[in-house]
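The values are calculated or read from the model by the stated rules, or taken from the named source; none is laboratory data. Note that the structure is a prediction, hence the values are computed from the model and not measured. FYI the Cβ positions are ideal-geometry reconstructions off the backbone, even for glycines, and counts take in every protein chain you see.
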Amino acid sequence: MEADSVKTTGFVFLLSYVLMVGGASFLQKFALRELSAYQVNFFMFLGMLLTAPAALFLAQRNLSLPTQSLPIGLTIGLLMGIGSLSYVLAIERLPVGLAASIASSYLVVVVALSFIFLGEPMSLAKAAGLALTVAGVAILSVVA
């Protein structure tokens with residue numbers, strides 16, 4: 001039963017992510033009326049800077065990081081930072097609904113890399129879901 005609880009908590013966190021990132025992505029379009037994409041990205045950095053240490057401290061009661069994990073951690077941070085900046089630059093130039101739709105196709109990359117490097121199974125249902133995702137992104141891109 002404990003595994004079910006962990007899974008449920010994971011889905012609650014995902015729902016929180018979807019609502020927070022979805023709301024923030026929508027609000028970015030309004031912010032871009034007065035701020036540059038670079039300024040919006042800087043405010044995103046400040047938000048991360050404020051929340052990350054607090055979350056780390058709450059989770060482990062200190063701010064220590066394993067030094068052997070710094071290269072992968074910094075690589076992830078750099079990729080996420082450049083990706084966030086690229087996204088804000090995109091919504092500065094495109095309708096936010098179109099940009100968000102296309103941006104959601106990152107999950108195709110995640111599933112493919114997980115299959116190739118982590119050996120996660122690629123079932124027929126998962127492949128069909130990816131195909132539907134790509135089709136959905138294509139349809140949303142055409143009608144936007």
For this session: Would you mind finding the one in Ser64, Ser141, Ser123 that is touching a residue at least 40 places away in the same chain (Cβ under 8 Å) and over 19 Å from the mean Cα position of the chain (by Cα)?
Result: Ser141
Exercise. Are any of the residues in the stretch 78-96 loosely packed, with under 11 Cβ neighbours inside 10 Å, assigned to a helix (DSSP H, G or I), hydrophobic (A, V, I, L, M, F, W, C) and at pLDDT 95 or above?
Worked result: yes
Exercise. For the stretch 77-98, does any single residue satisfy the condition of being among the polar types (S, T, N, Q) and either closer than 29 Å to Leu130 by Cβ or touching a residue at least 60 places away in the same chain (Cβ under 8 Å) (or both)?
Worked result: yes
Problem set entry | Criterion (out of contact with any Ser or Thr (no Cβ under 7 Å at 6 or more places or on another chain), closer than 18 Å to Leu85 by Cβ and either outside any loop (DSSP other than H, G, I, E, B) or without any contact (Cβ under 8 Å) to a residue 24 or more places away in the chain (or both)) met by exactly one of Phe13, Phe42 | Phe42
